[in-house]
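A short write-up of the structure that comes next.
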Amino acid sequence: MAIPLSQIVFIEEQAAGIGKSAKIVVHLHPAANKEPGPFQSSKNSYIKLSFKEHGQIEFYRRLSEEMTQRRWENMPVSQSLQTKRGPQPGRIRAVGIVGIERKLEEKRKETDKNISEAFEDLSKLMVKAKEMVELSKSIANKIKDKQGDITEDETIRFKSYLLSMGIANPVTRETYGSGTQYHMQLAKQLAGILQAPLEERGGIMSLTEVYCLVNRARGMELLSPEDLVNACKMLAALKLPLRLRVFDSGVMVIELQSHKEEEMVASALETVSEKGSLTSEEFAKLVGMSVLLAKERLLLAEKMGHLCRDDSVEGLRFYPNLFMTQS
């Protein structure tokens, strides 16, 4: 239904009552050229607009502005005639259930189009990613061929750049199958990419950190947690510079073979002795490691008799074991 603004005499608000919503009353001029309809005339010279989910205040404000400005009086004649003429011949107007179904179908087609375009962009990104991996693999091979022409420092620096781009040739099941051979090759690759990060983090990392670091470097070829654990279990058997360690609490970590437990415990004892007492959170902040690893280090020092605990409502706090240091 459409009513020309020129037909409106004035508008007024009707307050809400008990069980009745607020309404806007639109008073109209008598229709001069009435189009055919279900009724020839009406005894009322107004219509009431009811709003179920609010919005009447904004509608009343905007309609009042239009009535004040009376912009339809300045409308060009050609545009006014086109407006009065109504829908053009041959144009189907969407009304009722058919109109709703047509709109839903148009929306579905638009969604399908957007999804198709998104997957096209993703396919292009994967193609570019494969090109970058091939490029990094080619550069890595050239570095191997020209060991004499490139200094050791330049080689290390360039390999770190390649690692930041991702693993040049990740070990996959498509290449090595799904058996022991796959996990052995994966373990060798893990040893190659984790040694430098482990040295930066004090020689030890939780398996969760390792999982995130490795999958970020592998790009699209993601590892499952099960494959990572199986590969890490082979590190010691293959005599690689890393090993998998499981603490008494069940926490799994990867550490360097050169990582000595005695030095780790002595360092924890020294730090706690300097501060008098520490919680695992405070210790983690001081030494720059995760709270999980910090707690395991303090528990290990306690197990070896160098620290003792105070477990209270304030939390778990560790102290130097004076029975071991004072006679």
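The values are calculated or read from the model by the stated rules, or taken from the named source; none is laboratory data. Source: prediction; values computed, not measured. Reconstructed Cβ throughout: ideal geometry from the backbone, glycine too, with neighbour counts over all protein chains shown. Accessible surface is based on the protein model in full, side chains and every heavy atom, while ligands, DNA and RNA are left aside. Shrake-Rupley method; radii C 1.70, N 1.55, O 1.52, S 1.80 Å.
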Given the criteria without any contact (Cβ under 8 Å) to a residue 60 or more places away in the chain and open to solvent by 80 Å² or more (accessible area, probe 1.4 Å), does residue 227 qualify? no
Just need a number here: residues in segment 258-275 that are surrounded by 13 or more Cβ atoms within 10 Å (Cβ to Cβ) and closer than 14 Å to residue 241 by Cα. 1
Within segment 194-205, restricting attention to residues that are crowded, with 17+ Cβ neighbours inside 10 Å and within 26 Å of the chain's Cα centre (by Cα), which residue is farthest from residue 255 (Cα to Cα)? 194
Of the residues 63, 104, 49, which single one is modelled with pLDDT of 75 or more, open to solvent by 100 Å² or more (accessible area, probe 1.4 Å) and aliphatic (A, V, I, L, M)? 104
Condition first: modelled with pLDDT of 85 or more, surrounded by fewer than 18 Cβ atoms within 10 Å (Cβ to Cβ), basic (Lys, Arg) and assigned to a helix (DSSP H, G or I). Can you find one or more residues in segment 182-192 that meet it? yes
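Okay, residues lined up against (1) in contact with a strand residue (DSSP E or B) (Cβ under 7 Å, 6 or more places away or on another chain); (2) more than 30 Å from residue 322 (Cα to Cα); (3) at pLDDT 90 or above:
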residue	(1), (2), (3)
219	no, yes, no
238	no, yes, no
250	no, no, no
261	no, no, no
278	yes, no, yes
